[in-house]
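Participant: Sharing a structure, written as structure tokens. Questions coming.
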Amino acid sequence: MTNDGAHTPVTDPVTILAAAGMLVDGPQEVLDEEIPSFDTFSDPQATTTVARALATDVARLEPQVILVWDDPDECVLAHVVALELGIRWARAYDDSGMVHVVGDLEGSRAVLLADAFRTGYRLRALAEVVRQRGGHLVGAAALVPSQALAEAAQVLGVPSITIEGR
């Protein structure tokens, strides 16, 4: 806050993620499932800041589409990242064990995106959807690193991108 009561936005994405409780200081380990969600609705400026930072790093992969799980916060992140990159985004959802996609992936270079990948299930499901829909997976990106992201990126043979890893 400034002296006149106006809010001064934080412009460092790592500081924003730390304030949201998504980053851990020191040697302590946090289970992937315990990583808190990034609330995109509570501070639109902070959301835009972290999404722009992620978009800057994702741009080097030259994606044509961003694919996310159908989660409101992740959809907001995908929207801002895609807007920054001038590309489209798509969302996937699970309906009784069947993964469906809203959006076109055919022939596209796709990057998977999440605030944090907490389980390998979503990463593998999204990667499989890209393959089935005729797309080409070129990377996976998240605001913060996780064991699920590291393992899946290695198995899938694609780079992983995180803001904390900048």
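Participant: Name the residues of the range 103-135 whose amide N is less than 13 Å from a point 7 angstrom out from the Cα of Asp70 along the C-beta direction?
Facilitator: 103
Participant: Something else about it: Determine one quarter of the surface area of the Cα convex hull of the range 68-142, which equals its mean projected area, and express it in nm² to one decimal.
Facilitator: Answer in nm², one decimal: 4.5.
Participant: What nm distance separates the two modelled labels at Gln154 and Ser42, each placed 7 Å from Cα along Cα→Cβ?
Facilitator: Distance between label points: 3.3 nm.
Participant: For the range 72-166, which chymotrypsin sites (Phe, Trp or Tyr not before Pro) are both in a DSSP coil and crowded by at most 13 other Cβ atoms within 10 Å?
Facilitator: none
Participant: If Lys and Arg each add +1 and Asp and Glu each add -1, what is the summed charge of the other residues whose beta carbon sits under 15 Å from the beta carbon of Asp73?
Facilitator: Around Asp73, the surrounding residues sum to -3.
Participant: While we're looking at this one, here's another question. Where in the range 85-161 are there GluC sites (Glu not before Pro) that are in a DSSP coil and have at most 12 other Cβ atoms within 10 angstrom of their Cβ?
Facilitator: Glu106
Participant: Continuing with the same structure: Using Cα pairs under 8 angstrom and six or more residues apart, how large is the relative contact order of the range 63-135, in percent? Walk me through the intermediate numbers first.
Facilitator: Details: 114 pairs, mean separation 26.8, N = 73.
Dividing the mean separation by the residue count of the range 63-135 yields 37 percent.
Participant: Probe radius 1.4 Å, ligands and nucleic acids ignored: give me the carbon and sulfur share of the accessible area of the range 37-123 as a rounded percent.
Facilitator: After summing per-atom areas, the C and S share lands at 49 percent.
Participant: On to the next question. Rounded, prolate or oblate: which fits the range 12-166, taking a ≥ b ≥ c as square roots of the Cα gyration tensor eigenvalues, rounded meaning a/c under 1.5, else prolate when a/b beats b/c?
Facilitator: It comes out prolate by the Cα gyration axes.
Participant: Can you give me the long-range amide H partners of Ser146? Hydrogens built in the peptide plane at 1.01 Å from N, cutoff under 5 Å, separation of 5 or more residues or another chain.
Facilitator: Result for Ser146 returns nothing.
Participant: Roughly how much of Thr15 is accessible, in Å² to the nearest 10, using a 1.4 Å probe?
Facilitator: Thr15 has an accessible surface of roughly 70 Å² with all protein chains in place.
Participant: Enter the accessible area per residue of the range 56-166 (Å², integer; probe 1.4 Å; all protein chains in place).
Facilitator: Working: 5170 Å² over 111 residues.
Accessible area per residue: 47 Å².
The values are calculated or read from the model by the stated rules, or taken from the named source; none is laboratory data. Worth saying up front: this structure is predicted, and the values here are computed from it rather than measured. Neighbour counts run over all protein chains shown; Cβ positions are idealised from the backbone, glycine included. Side chains are part of the model used for accessible areas, which takes the heavy atoms of the whole protein and leaves out ligands, DNA and RNA. Shrake-Rupley method; radii C 1.70, N 1.55, O 1.52, S 1.80 Å.
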